[in-house]
């Protein structure tokens, strides 16, 4: 089974388990709306790919870790789209949760998805309880204070913020959680996998900044130009599009080089490279490069 | 050490651990504002009392479970106070988080407190990983879908709701999590402790309904008359004040009777009785009873 099919099946399975006749029906509907259909599911796929590369021996635990990471990601998107943050109408090409179900249910949907991430871990953690406690730690640290994605969003509420620290928390932390959780689910020391997560996370954020500037809302599936509109730190604003693309390419090379020695190193490197093309498609690279020619003052790294 | 001092010390200890120079300072400040100074801390005290009654042998794990439950409770209060729900200015006699720090940080504060609950469990769970996985399950089920406090709040967004189901989820579920988590932290089967949590949770909700009708905002530490204002289900509205008080007293008797055979059964029963007096003070009972005399049509149970 491909990784994308595997994560969809695991998400479906854990959703069916949570569904109960005693649950408030609109909350359950809003939770599904927030998670299906998904985006690229890159974080859970990364988690699963690392687990396989580490000689996975408890696929249920890998699935639970990957599902938990995706649910936490979806929860952060639901809250991030709300009126007090981005006030976005669109997400993944569909109406956002608060626009469809109202603000109160959107707030609760995010909360319920966060909790569901942990219910999923609890459900699948009994074969390897010590690994599960370690997963609990690594995954929570990717989301909470002081350095997880919630802290990253909170930096938007501070008067001073350093771009690197903001991006490491807002995006990088959950990528680190994804690679480290993959190793932990397989019972392997996560430390060598940290760098891959950090670098991919940063690359992902830079790519997001580039696309936010370059693309239209219908291509993005969400409103464009949000960073400038909200005055948020952005690599594309700091370095210019050409500088941001150079930086992105350098990060992806570092990511490829950082894959530790493992059974399927070649496959892991291929995953990183194809992700690179998905994040900043070749036609966008060409467009930016042409801009470079017409702006000879800028020199690429 | 008294239970109230023990829970305050444990909360302080886990907050110090989370504090880091890399954290966004206003988020950390808002998280502390939401948790200190606290209310009665009844749920974590109940958790600790049950753990002691069950022959506690890992006080760090009990503390972590109690802290997790209190943090999840505080998180739900922060989100519940926000403009899209109660739009409350006061909580525990102080300005609410969103009024002090703005809506974006209030939303993130709730999220970060939920995650911190799990970071706390992860930190203290390594001595007894299997108990920790069970705690993860029981505590999450008290908060998330389908039957936890988030589901309880979500019932407020449904067009039809049954009072019992709503209250079991909104309040009862976290009391059940508190008693069951106390037993689990001590390595004991939680099933016999379930009934105590269910009954206390229901009694607590009924007492809250009574106080919401009877008291002024300065006595409550939060706005009064919120249930009627928001058209929420309420025992005081359904049964009248006299009926609600009778029902409360019957529930507290059931709670006392449901304490399982254990080393400190007498102390546990005393805790329940004193909690009863705290929830509906004797002068309130007297006031309601006088109303009963002047309304002879009503007969007490």
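Can you tell me the order of B:192-200, B:277-285 when each peptide is scored by its average per-residue count of other Cβ atoms within 10 angstrom, highest first?
On the way: B:192-200: 22.9, B:277-285: 14.1.
In decreasing order of mean packing, B:192-200, B:277-285 become B:192-200, B:277-285.
Take the Cα of residue B:189, step 7 Å toward its Cβ, do the same at residue B:158, and the gap between the two points is 3.2 nm.
Kindly provide log₁₀ I(q)/I(0) values, in the same order as q = 0.13 Å⁻¹, from the Debye equation applied to equal alpha-carbon scatterers of the protein assembly as shown. With one equal scatterer per Cα and no solvent, log10 I(q)/I(0) is -1.36.
Summary value for segment A:3-294: 19 percent relative contact order, contacts being C-alpha pairs under 8 angstrom separated by 6+ residues.
So if R0 is 51 Å, what FRET efficiency would residue A:265 and residue B:286 give, r being the distance between their Cβ atoms, rounded to the nearest 0.05? Intermediate values should be presented prior to the final figure.
Values: r = 77 Å, r/R0 = 1.51.
That gives a FRET efficiency of 0.10.
Each of B:95, B:149 was scored by other Cβ atoms within 10 Å of its Cβ. Arranged with the fewest first, they read B:95, B:149.
The mean count of C-beta atoms from other chains within 10 Å of the C-beta of residues in A:94-104, rounded to a whole number, is 2. Taking 7 Å along the Cα-to-C-beta vector as the label spot, tell me the residue B:13-residue B:278 distance in nanometres, rounded to one decimal. Distance between the two pseudo-spin positions: 2.1 nm. Chain A comes nearest to the axis taking it onto chain B at the Cβ of one residue; that residue and its distance, in whole Å, are A:129, 2. For segment A:3-294, the direction-averaged projected area of the alpha-carbon convex hull comes to 14.8 nm². Take the Kirkwood radius over Cα pairs of segment A:95-134, plug it into Stokes-Einstein at 25 °C and 0.890 mPa s, and you get 210 µm²/s for translational diffusion.
Using a cutoff of 8 angstrom between alpha carbon atoms and counting only pairs six or more residues apart, the relative contact order for segment A:154-269 works out to 24 percent. Summed over qualifying helices (DSSP H, 4 residues or more, each -39500 (n - 2.57)) and divided by its residue number, the protein assembly as shown shows a 222 nm mean residue ellipticity of -22000 deg cm²/dmol. Each copy carries a label point for residue A:4 at 7 Å from Cα toward Cβ; from one copy, the others' points are 5.8 nm away, ordered from shortest.
The distance from the alpha carbon centre of segment B:166-204 to that of segment B:1-69 is 18 Å, rounded to a whole number.
The mean number of partner chain beta-carbon atoms within 10 angstrom of a residue's beta-carbon across peptide B:70-80 is 1.
A label point on residue B:231, set 7 Å along the Cα-to-Cβ line, lies at 3.9 nm from each of its counterparts in the other copies, closest listed first.
The numbers here are math on the coordinates, done by the rules we state, and not lab data. On a predicted model such as this, the values are computed, not experimentally measured, just so you know. Counting neighbours? That spans all protein chains shown, and the Cβs are built from the backbone with ideal geometry, glycine included.
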